[in-house]
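Everything on this sheet refers to the single structure shown next.
Every number in this text was worked out from the coordinates using simple rules, so none of it is lab data. Computed from a predicted model, the values in this text were never measured in an experiment. As a convention, Cβ positions derive from the backbone with ideal geometry for all residues, glycine included, and neighbour counts pool all protein chains shown.
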Amino acid sequence: MATSEALAAGTKVETASSRSRGDVAFYTVLALCAAAFLITIHVIFFKAPVESTMGIVQKIFYFHVPIAYSMYVGAAACFVGSAGYLARGTRGWDAFARAGAECAVAMGVLVLVTGALWGAKAWGVYWTWDPRLTTALLSVLIYVAYVVLRAFAGDGDSERKFAAALGVLGAANLPIIHYSVQKWGGNHPKVITSGGGGLKHPDMKLALMLGFLTFTLLAVVLIWTRVRIELAAARLGEAEEEALELGVGEE
Amino acid sequence: MSADQAAREAPGAAGQGTTADDRGATFRAVEGGNQMQSGEKLLVEAYAFIWIVVLVFVASMFRRQRRLDRRIETLETALQKARAKSGGD
């Protein structure tokens, strides 16, 4: 009896210490993300030169491309979480998938809007049915469908499994977005290529690299925060059910 | 051609093939195309939108956290009542 109590106490201490380690790691990533934002904004506006033909509106590029990349990060998290949930059926994987889908929606909306604002200057129109734009819109709609499904279809096991299937299938569109420019052409610029890319100034490259770092950290922070909230809600839900079974809080 | 004449005939932002005198007397609108949009305005709109979406995302998480706090509070109150009841029995 005493041994089991000591073991239980030991597990509690271990859980509390791993939770505090998790908190330290989380706040470290959060601080790094904030610092990266400040440095990136400084480099974009005060170091990177203005592009010769497009002018200042080209600076949208330094956020637009990293945001598109962080949409992939969110979508990849949704895919991994969904596949994990289908394989294992644990709440952790489900929370990871849900967080990834929400991040993909937020970043996807940002990609579409910042791209449209850039297009207004570069092409003279906000939107054109270019292959990359169309496939990106399709992907955002898939993740919007996932988020809407999770918000309104209840939180049962079958709903979670259905959403997980959508999360796995939705990822099939991601490589299509990426390769659409190479395969079908279109108006979308092809500045980032395997041959070193079209950024001719080192400060332009630096601004883009910092943008990638910043938005990767932002995606990690958003997904991590969302997973923490989702797991806490799941634990609380279980505690409430247990309390009701024990007759606590019925009146 | 003198420098003054070149400046007068140089194509400017107001349109190709107009002289400084023409530009001083008439204003011609740009017809369609990307010159209709100010790059600075579009840049500010793009960055403002980024911050708004990130803030809305963070605010939604804050709201979810508040809802969780309320549920924890309700459960704690119910537990306290149950403890007091069992202590009184």
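A few notes on this one:
- Among the candidates A:ALA122, A:ALA116, A:ALA136, the residue that is in contact (Cβ under 8 Å) with a residue 60 or more places away in the chain and either more than 17 Å from the chain's Cα centre (by Cα) or closer than 22 Å to B:MET61 by Cβ (or both) is uniquely A:ALA122.
- Subset of the range A:211-227 that is surrounded by 24 or more Cβ atoms within 10 Å (Cβ to Cβ) and more than 18 Å from A:ALA97 (Cα to Cα) - its residue that is nearest to the chain's Cα centre (by Cα): A:PHE215
- Options A:LEU213, A:LEU246, A:LEU218, A:LEU208; residue that is farther than 16 Å from B:THR74 by Cα and within 11 Å of chain B (Cβ to nearest Cβ): A:LEU218
- Tally, over the range B:48-73, of residues that are of a type outside the set (Asp, Glu) and more than 7 Å from chain A (Cβ to nearest Cβ): 14
- A:ARG150 falls short on exactly one of the conditions (1) crowded, with 19+ Cβ neighbours inside 10 Å; (2) within 16 Å of the chain's Cα centre (by Cα), and that condition is (2).
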